[in-house]
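To start, the structure itself, in structure tokens.
What follows is calculated from the coordinates using simple rules that are stated; it is not laboratory data. This structure is a prediction, so every number in the text was calculated from the model and none was measured. Cβ placement follows ideal geometry from the backbone for every residue including glycine, while neighbour counts extend to all protein chains displayed.
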Amino acid sequence: MDNQFLISLTEKYGAPLYVYNADVIEHQYNRMMNAFSSVKNVKLNYAVKSNTNINVLKFLKNLGSGGDCVSVQEIKLCLAAGFDVKDISYTPNGVSFKEISEAKELGVKITLDNLSSLDKFGKAFPNAPVSLRINPHIMAGGNAKISVGHVDSKFGISHTQIEEIKKIVTENGTPVNGVHMHTGSDIKDPSAFVEAMEVLLGIARQFDTIEFIDLGSGFKVPYKDGDHATNLEELGQVLGTSFNAFCKEYGKELKLIFEPGKFLVSESGKFLAKVNVIKQTPNINFVGVDSGLNHLMRPMMYDAYHRVHNISNPNGEKQTYNVVGYICETDTFASDRELGKVSEGDIICMDNAGAYCFSMASNYNSRFKPAEVLVIKGKDYLIRERETFEDILKGQIMIDSL
Ligand SMILES: *Cc1c(COP(=O)(O)O)cnc(C)c1O
């Protein structure tokens, strides 16, 4: 998607605007399937929370992807997008047993991550299979908020609690059909995956009803120039070899599942915002855009780095800027960036806006959420309209006597 095309989309649909390139999603999907081609039975269950637009879901479903959901609403989104119920998995953390029961009634695959829910599940649904989210006690991930597989993390059942797990499932007659892990996001080091998989296979050996091994996600994609991304092809070889050896030992062709979010959609997305004001202060040249942390929270939430470009003047004389939003608190998208000289009305483009950007957007400061566009083979489709004032009032109840 070149600069002129992106600018034309802001003229057609307004700014700020999210634009996703479906060709990139398809490329990433195929790249991942190819990396694990040594394994006979591989399935990608797209992590729905990274981008929940129903058309993104549908596009991935058409590629052959399943969906991994962390809430019952995400399950319903997948069903609305046309996923087969057997291709939907549910991997919640700390939810009510009522929600787990609702997911069970909908017929999706269930992964549980605590002993209490495991026991309740076994008693409520005799003989219903379930898989176990295991905490392998591995420290991996780009940031404390997204490292979820270490010993003090709230996620998963500690692999050291295997005897308690066995006692519960034996008592209730629950077949354990899979073991799962998800150790975090932005994992640079392939050895973290390999180490964690060994722990997981150790758990799988304890049961004779296993059908799949789910290694979750955490694949890192480049956000910064020179960023170290997960070497997927190398990882595919190493994990594929151990997995195939395990299937042989186990005496059964098991399924290998991954749950990529960021890897599939991050790089497909561009976030386009228009420059409202340029403000020169004693030390900093601010570019104020018509958006903020309400639309793209990752820089403020995770100190995330997103590449920023002035696509209206890409070849202009370079100057150093801080790109900031209009929210009434510190609201920085990017600091100390060299951009082609910026003028009011220019369009600023932020890269890697496909994952955890719109899906984390809010109405803070009573701002509208932006529109979204999906581009398939060069053709643009509006896939979400910009909000209006009705959306801001929706759900609020005026007390008549007030
Ligand atoms: C968030 C999440 C993922 C996706 O992680 P990415 O880093 O976006 O690939 C996968 N599985 C589970 C259980 C998750 O919670």
Grab the Cα-Cα distance for Asp2 and Glu164, subtract it from 0.36 nm times how many residues apart they are, and report the gain in nm with one decimal. 52.7 nm
Using the beta-carbon distance between Asn62 and Tyr250 and R0 = 30 Å, what value does 1/(1 + (r/R0)^6) give for FRET efficiency, to the nearest 0.05? 0.40
Name the residue from Ser242, Leu272, Tyr223 whose Cα lies farthest towards the positive end of the charge dipole of the stretch 217-339, charges +1 on Cβ of Lys and Arg and -1 on Cβ of Asp and Glu. Leu272
For the chain, build the charge dipole from Cβ charges (+1 Lys, Arg; -1 Asp, Glu) around the Cα centre, then report which of Met181, His295, Ile311 sits farthest towards its positive end. Met181
Two-site label geometry, Lys12 and Ile376: point separation in nm, points 7 Å out along Cα→Cβ: 1.4
Comparing Lys61, Lys109, Lys86, which has the greatest mean-square fluctuation in the GNM of the chain with Cα pairs linked when under 10 Å apart? Lys86
Can you tell me the dipole magnitude for the chain around its Cα centre, using point charges on the Cβ only (Lys, Arg +1; Asp, Glu -1), in Debye to the nearest 20? 460
Whether the chain is rounded, prolate or oblate, judged on the alpha carbon gyration tensor where a/c under 1.5 counts as rounded: prolate
Counting DSSP beta bridges with both ends in the stretch 52-260, the antiparallel % (nearest 5): 5
Lys369: which lysines have alpha carbons under 24 Å from its alpha carbon, excluding same-chain residues fewer than 8 sequence positions away? Lys12, Lys49, Lys58, Lys76, Lys262, Lys270, Lys274, Lys379, Lys394
In the stretch 313-380, what GluC sites (Glu not before Pro) fall in a loop by DSSP, with at most 11 other Cβ atoms inside 10 Å? Glu317, Glu329, Glu344
FRET efficiency, 1/(1 + (r/R0)^6) with R0 25 Å, evaluated for Thr209 and Ser38 via beta carbons: 0.50
Between Thr332 and Lys394, what is the label-point separation in nm under the 7 Å Cα-to-beta-carbon projection? 3.5
Antiparallel DSSP beta bridges within the stretch 210-297, percent to nearest 5: 60
Given a 10 angstrom Cα cut-off, can you work out which residue in Thr52, Thr332, Thr170 is the most mobile in a GNM of the chain? Thr170
Extending each Cα 7 Å along its Cβ direction at Glu198 and Lys86, get the distance between those two points in nm, one decimal. 3.6
Most mobile listed residue (Phe219, Phe263, Phe125) in the chain, GNM with C-alpha springs under 10 Å: Phe125
Other residues with Cβ under 9 Å from the Cβ of Asn21 give, with Lys and Arg +1 and Asp and Glu -1, a net charge of -1
With +1 assigned to the C-beta of every Lys and Arg and -1 to the C-beta of every Asp and Glu, and no other charges, what is the dipole magnitude of the stretch 52-260 about the Cα centre in debye, to the nearest 20? 460
Counting only DSSP beta bridges with both residues in the chain, tell me the antiparallel percent, nearest 5. 45
Cβ-Cβ cut-off under 9 Å around Val72, Lys and Arg +1, Asp and Glu -1: the net charge is -2
